[in-house]
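Undergrad: The following block contains the structure, expressed as structure tokens.
The values are calculated or read from the model by the stated rules, or taken from the named source; none is laboratory data. Predicted, not measured: the structure shown is a model, and the values here were computed from it. In this analysis, Cβ positions are derived from the backbone assuming ideal geometry, glycine residues included, and neighbour counts consider all displayed protein chains. Ligands, DNA and RNA are excluded from the accessible area calculation, which covers all protein heavy atoms including side chains. Shrake-Rupley method; radii C 1.70, N 1.55, O 1.52, S 1.80 Å.
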Amino acid sequence: MRYQYKAASGWSVVKVAGNLKQVRTIVFDPLGNMLVSEATKGISVHTWGSNGCINSSSTLISLTSLNHGLSLTPDGTTLYASSETTVYSWTYNPATRAVSNQKTVVKGMDTGIHSTRNVLVVPSQPNMVLVQVGSNQNLDTAAANKATGRAIIKIFDMSKAPSAGYTYKTDGEVFAYGLRNEIGFTTDPNGVVWGVENSGDDFTRTVNGARTDIHKDNPAEKLNNLGDPLKDRDRWFGYPTCFTVWDPSLFKDTTTLKVGDHFVLSPNSTFNDASCNAQAVAPRLSFQAHSAPIWNAFDADATNMYVTFHGSWDRQPPTGFKVVQVPFTKLASGQYDPVAPATSTTGYTDVLSATSPESCTANGLTQSNCFRLTASTWDPAGRGLFVGSDNSNEGEIYLLHKN
């Protein structure tokens, strides 16, 4: 492995691929081939030998604008991938590991500081595809309006896509909005979508003209229950008005806020913390501020979710640069839910991390002296958790497995 690491007791890790471009997303086709989104290069495909190692790798799609999103229909015949402005589809053949019939299916997404667009096929109804766009700046006040098509997830029926593709801002339906950068999301066994959200940087809170720097440990990153994509629409998660508390002690003007509550940056008589907590959907769990969660994946029976943290630049000492495990449980209702309460700061544990994350650098989006963890995919063959790193020095893929 290119960078030093430590694994939790009971876990082992092995590097299965290296010398890749910036690894962002990993999916498996029905024959077990591994498809990898390599930002600024395209999509590669990898086969496995009987010894469990990769025995062939090839370029499936050469398209330098692709930078994150990658999703495959359950039957393995239609592949989707995204650039900053566009979602494409291809007809895919798992047996020959070849694509054909490239189409533009969604276009017209805004550009900005958040350039990656997640794409997810709804497993139970694969003609329905979720497409995410983040904010175009740290505090994108215009994104409060859904019509901007930012800080939002929309859903599109690809069986009805126009020949030139949908226009993101005006077409499709709003699944969820008020999401600053919900760069990773996946479904639980019931089809409910769970997302991880990157929150704001360098924030202060102003009350009655007095400004307090809260940015070191606020706002929290979020784990959101986004809902059922076949039923839910127009759920508002707070951005750009409401943010989540991680460290209540930094709020000098109030003692009522607790971990997981929403707060506003400048409360006033018409809109304040209470307004947020009454109107915005609260996160189900919070992560330490500036961890930068990128991807999340459930294990086979959804007893745990695994989240990759890309790592911070806006905090000293740095945090992130790790994979965490979030224990889940199946409720009496049949729904899946994290074990920890929403007020917890200990609802997840480290599985893989940089040896000294407090010494990790984050100069730019992909530069560091540590791995920059991205993809998180539980292997359908049961080998373990595949994790990617998009460090610009070397793109890598690791396999984490329980001893």
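Undergrad: What are the lysines whose alpha-carbon lies under 17 Å from the alpha-carbon of Lys252, with same-chain residues fewer than 8 places away excluded?
TA: Lys216
Undergrad: Also, quick follow-up: What do you get when you divide the Cα radius of gyration of the range 93-181 by 2.2 N^0.38 Å, with N the number of residues? Can you show the working numbers first?
TA: Working: Rg = 14.2 Å, N = 89, 2.2 N^0.38 = 12.1 Å.
It is 1.17.
Undergrad: Counting only residues 5 or more places away or on other chains, whose amide H sits under 5 Å from the amide H of Leu285 once H atoms are built in the peptide plane?
TA: Residues meeting the criterion, in which the H sits 1.01 Å from N, are Leu223.
Undergrad: Suppose each label sits 7 Å from its Cα in the direction of the beta carbon; what would the Ala164-Thr77 distance come out to in nanometres?
TA: 2.9
Undergrad: With the contact rule set at Cα under 8 Å and sequence spacing of 6 or more, what percent relative contact order holds for the range 5-402? Provide the component values of the computation, followed by the final result.
TA: Details: 1138 pairs, mean separation 58.7, N = 398.
It comes to 15 percent, rounded to a whole number.
Undergrad: With each run of n ≥ 4 DSSP H residues scored as -39500 (n - 2.57), what mean residue ellipticity at 222 nm is computed for the chain after dividing by its residue count and rounding to the nearest 500 deg cm²/dmol? Numbers along the way, then the final one.
TA: On the way: 1 runs with 7 residues, N = 403.
Result for the chain, helices only: -500 deg cm²/dmol.
Undergrad: Estimate the FRET efficiency between Val339 and Asn93 by the formula 1/(1 + (r/R0)^6), using the beta-carbon distance for r and 35 Å for R0, to the nearest 0.05.
TA: On the way: r = 41 Å, r/R0 = 1.18.
According to the calculation, E is roughly 0.25.
Undergrad: How large is the Kirkwood hydrodynamic radius of the range 5-402, counting all unique pairs of alpha carbons, in Å?
TA: Taking the inverse mean of 1/r over all distinct Cα pairs, the range 5-402 comes out at 21.1 Å.
Undergrad: Quick query: amide H of Trp295 versus all other amide H atoms, modeled in the peptide plane; which residues come in under 5 Å with a sequence gap of 5 or more or a different chain?
TA: Thr308
Undergrad: Assuming R0 = 25 Å, what is the FRET efficiency of Arg211 and Ser275, from their Cβ-Cβ distance, to the nearest 0.05?
TA: On the way: r = 20 Å, r/R0 = 0.82.
Taking R0 as 25 Å, the efficiency between Arg211 and Ser275 is 0.75.
Undergrad: Here is a further query. With the chain treated as a Gaussian network of Cα nodes joined by springs under 10 Å, which of Ile43, Ile214, Ile54 yields the largest mean-square fluctuation?
TA: Most flexible of the set in this elastic network: Ile54.
Undergrad: Okay, moving on. Using 7 Å Cα-to-Cβ label points, what is the Thr204/Ser392 separation (nm, one decimal)?
TA: Each label point lies 7 Å from its Cα, and together they span 3.1 nm.
Undergrad: Cα-Cα over 28 Å: which of Lys330/Lys402; Lys146/Lys322; Lys6/Lys330?
TA: Numbers: Lys330/Lys402 22 Å; Lys146/Lys322 33 Å; Lys6/Lys330 30 Å.
Pairs exceeding 28 Å: Lys146/Lys322; Lys6/Lys330.
Undergrad: Which order, highest average first, do 305-311, 14-20 follow once you tally other Cβ atoms within 10 Å for each residue and take the mean per peptide? Could you put the intermediate results ahead of the total?
TA: Working: 305-311: 26.6, 14-20: 15.1.
Going from most to least packed, we get 305-311, 14-20.
Undergrad: Then there is this: Through the Karplus equation 6.51 cos²θ - 1.76 cosθ + 1.60, θ set to phi - 60°, convert the phi angles of the range 57-62 into ³J(HN,Hα) values in whole Hz; use x for Gly and Pro.
TA: Karplus values, whole Hz, x for Gly and Pro: 9, 8, 7, 8, 9, 9.
Undergrad: Along each of its three principal axes, how wide is the spread of alpha-carbon positions in the range 122-245, in whole angstrom units, largest first?
TA: 54, 32, 18
Undergrad: Short version: what are the Cα gyration tensor semi-axes of the range 47-90, square root of 5 times each eigenvalue, largest first, in whole Å? Show your work: numbers first, answer last.
TA: Values: eigenvalues 121, 39, 14 Å².
Square roots of five times the eigenvalues give 25, 14, 8 Å.
Undergrad: Send over a whole-number figure in Å² for the accessible area per residue of the chain, probe 1.4 Å.
TA: Values: 15280 Å² over 403 residues.
Averaged over the residues of the chain, the accessible area is 38 Å².
Undergrad: Tell me, what % of the accessible area of the chain is carbon and sulfur with a 1.4 angstrom probe? Walk me through the intermediate numbers first.
TA: On the way: 7270 of 15280 Å².
For the chain, the apolar C and S fraction of the accessible surface comes to 48 percent.
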